[in-house]
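To start, the structure under review is shown below, and the notes come after it.
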Amino acid sequence: PRTVDDLPRLSGQSRSIQVNDAVLDSINGRIYISNPTGIAILDARTLETVASVAVPGEPGPLALTDDGSRLWFGLNDRSEIGSLLTASRSLEEPVALGAPASGGNAAVRIAADIATVPGTTDSVVVAM
């Protein structure tokens, strides 16, 4: 995980937060940050925390739909990906990444990266 040190605030104060991944929502003026405890939502202009959303597990890679309505996230400790409806800040049911191929390692399959399919809100591509 990366660390963002001395993240400036308009007030001149600073803070440090651990970051697994971050994505900018330029449509709604938000920054979504995955960290070990969940997803932090920051105002992109002021960098103030707007909300924090607890998720089942540790969120890792993030991907935002083109219209900013859904944030997809991989889970660093589960064979699942999840999604957050950004307007209501509600979590949808996680999606299982499936079993390893025949003869493959039975270890947990972790999403190394995730990307949304342009023009959709319910389709993603996951690299493991």
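Ser88 - would you say it is out of contact with any Lys or Arg (no Cβ under 9 Å at 6 or more places or on another chain), at pLDDT 95 or above and loosely packed, with under 14 Cβ neighbours inside 10 Å?
Judged against the criteria, Ser88 is a match.
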Report every pair of residues separated by at least 6 positions or lying on different chains whose Cβ atoms are under 6 Å apart, first residue within the stretch 43-72 and over 25 Å from Ser123 (Cα atoms) and of a type in the set (Ser, Thr, Tyr), second at pLDDT below 95 and open to solvent by 20 Å² or more (accessible area, probe 1.4 Å). Thr46/Leu10
Mind counting the residues in the stretch 1-43 that are in contact with a Lys or Arg (Cβ under 7 Å, 6 or more places away or on another chain), more than 18 Å from Ser88 (Cα to Cα) and modelled with pLDDT of 90 or more? 1
Which residue, of Ala54, Ala111, is under 17 Å from Asp21 (Cα atoms) and at pLDDT below 95? Ala111
Taking only the stretch 75-85 into account, find how many residues are crowded, with 18+ Cβ neighbours inside 10 Å and under 18 Å from Ile31 (Cβ atoms). 2
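The values are calculated or read from the model by the stated rules, or taken from the named source; none is laboratory data. All values derive from a computational prediction rather than experimental measurement. Heads up, the Cβs are rebuilt from the backbone with ideal geometry, glycines too, and the neighbour counts pull from every protein chain shown. For the accessible areas, the whole protein counts, side chains as well, though only heavy atoms, and no ligand, DNA or RNA atoms are used. Shrake-Rupley method; radii C 1.70, N 1.55, O 1.52, S 1.80 Å.
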